[in-house]
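Report on the structure given below.
The values are calculated or read from the model by the stated rules, or taken from the named source; none is laboratory data. This structure is a prediction, so every number in the text was calculated from the model and none was measured. When we count neighbours, we look across all protein chains shown, and the Cβ atoms used for this are built from the backbone with ideal geometry, even at glycine. Only protein heavy atoms, including side chains, enter the accessible area calculation; ligands, DNA and RNA are left aside. Shrake-Rupley method; radii C 1.70, N 1.55, O 1.52, S 1.80 Å.
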Amino acid sequence: MTQTGKYHGGLVFLGNQNGSLDRFSRIVTATLEDYGHSVERQTLSGPHEARIVTSQFHVKLTLDPNPVCADHTARLDDAAGLNRGKKDTRVRVRNRLVISLCPVSEQHDDRDVTELMLVVMLYRMVDLYASEHIEWLDPNVSLTIDQFLGAFANVSPRRVRGRQEIVYDNGDRFAPIDETAPGLAMRYDTIAGQKPHIGEFGLIELTDEEALALAFRSDPHPDELDGLSPEDRAQNDIRRLTSWAMTGTLAFVSAPVALSLAAVNLARGEDFRLNTQVLSLTGALVFLQSSGAMASVMSILPM
């Protein structure tokens, strides 16, 4: 095979060609997917041509219904004029399938793996149809079925694992996390030059004095830290104090509204914006009610 970036495979088989191209296309698709190449497009360009496209390969299948490949023994008998009365009256229909496997990028192509895929395709096709000979990598290199099977005796369609099986087997290379975590932690401590908790793993048992100090701590627990800077924390305290001051002021204007706002502050936390809006709205309504404007507006509305 010349280095043209194309892999050639041929198969001369006997039988009716109806539906054979579709079967061959399915074999090529299954083989590509077994090797991890997801098929993006599969089309039949006509009764004698099909194309399968993946992200890394383009495969073209061409079916020749009239190949020039008569039986060698029959040609010798015809030339010598022998066995004319013993000719089989049945006509054996021969068909020739040509496989053109083209990698998208020759730089990233692994020739051994690509040839192995071509071998598996031909193996599966031989199992499907009664074949006469196989063309391997070159149209002029013709192998009988016995020669082909003998040359690739260690390769079989049944030995080729599917993609799911390959992924499943690779999963056994990694040990469970529970077994590897202590070793990785100890290795990190060794590299860092420190061994916290004297190299022991698991929950830390606190003494009575440590538990009491933790219960009556003045600083917040690390899980309760909000990440605010001292300036932002001071501004937050001022807004909270101002919210309660507005709630107290609102008690002189409307006690029921002030009680409701105090309950909201206790349940959801102090919201400076909410307190400002409630105080402004309540003050406006009380002013309108005391000036008689509210009564004028209510008299205008159709009730």
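Testing Leu61 on (1) out of contact with any helix residue (DSSP H, G or I) (no Cβ under 9 Å at 6 or more places or on another chain); (2) in contact (Cβ under 8 Å) with a residue 40 or more places away in the chain, one condition comes back false. Which one is that?
Leu61 satisfies all of (1) out of contact with any helix residue (DSSP H, G or I) (no Cβ under 9 Å at 6 or more places or on another chain); (2) in contact (Cβ under 8 Å) with a residue 40 or more places away in the chain except (1).
Filtering the range 252-299 down to residues that are of a type in the set (D, E, K, R) and loosely packed, with under 15 Cβ neighbours inside 10 Å, which residue is farthest from Arg239 (Cα to Cα)? Outline the logic, then answer.
If we filter the range 252-299 for residues that are of a type in the set (D, E, K, R), which is where we start, we get 268, 270-271, 273.
Keeping just the survivors that are loosely packed, with under 15 Cβ neighbours inside 10 Å gives 268, 273.
Details: Arg268: 15, Arg273: 9 Å.
Among those residues, the one meeting the criterion is Arg268.
Residue by residue, here is whether (1) open to solvent by 80 Å² or more (accessible area, probe 1.4 Å); (2) touching a Pro at 6+ places or on another chain (Cβ under 6 Å); (3) under 19 Å from Val59 (Cβ atoms); (4) modelled with pLDDT under 90 holds:
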residue: Asp88; (1), (2), (3), (4): yes, no, no, yes
residue: Arg94; (1), (2), (3), (4): no, yes, no, yes
residue: Leu97; (1), (2), (3), (4): no, no, yes, no
residue: Pro103; (1), (2), (3), (4): no, no, yes, no
residue: Gln107; (1), (2), (3), (4): yes, no, no, yes
residue: Leu116; (1), (2), (3), (4): no, no, yes, no
residue: Val119; (1), (2), (3), (4): no, no, yes, no
residue: Val126; (1), (2), (3), (4): no, no, yes, yes
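In the range 30-51, what residues are of a type in the set (D, E, K, R) and farther than 20 Å from Met125 by Cα?
In the first step, residues of the range 30-51 are kept if they are of a type in the set (D, E, K, R); the result is 33-34, 40-41, 49, 51.
Result: Glu40, Arg41.
Any residue that is part of a helix (DSSP H, G or I) and farther than 16 Å from Asp34 by Cβ - is there at least one of those in the range 131-144?
Going through the range 131-144, the residues part of a helix (DSSP H, G or I) turn out to be none.
No: the range 131-144 contains no residue that is part of a helix (DSSP H, G or I) and farther than 16 Å from Asp34 by Cβ.
For residues that are of a type outside the set (Val, Ile, Thr) and under 17 Å from Val104 (Cα atoms), scanning just the range 1-32, find the one that is modelled with the lowest pLDDT.
We begin by selecting, within the range 1-32, every residue of a type outside the set (Val, Ile, Thr); these are 1, 3, 5-11, 13-26, 30, 32.
Filter again for under 17 Å from Val104 (Cα atoms), leaving 3, 5-8, 32.
Working: Gln3: 46, Gly5: 77, Lys6: 89, Tyr7: 94, His8: 93, Leu32: 93.
The residue in question is Gln3.
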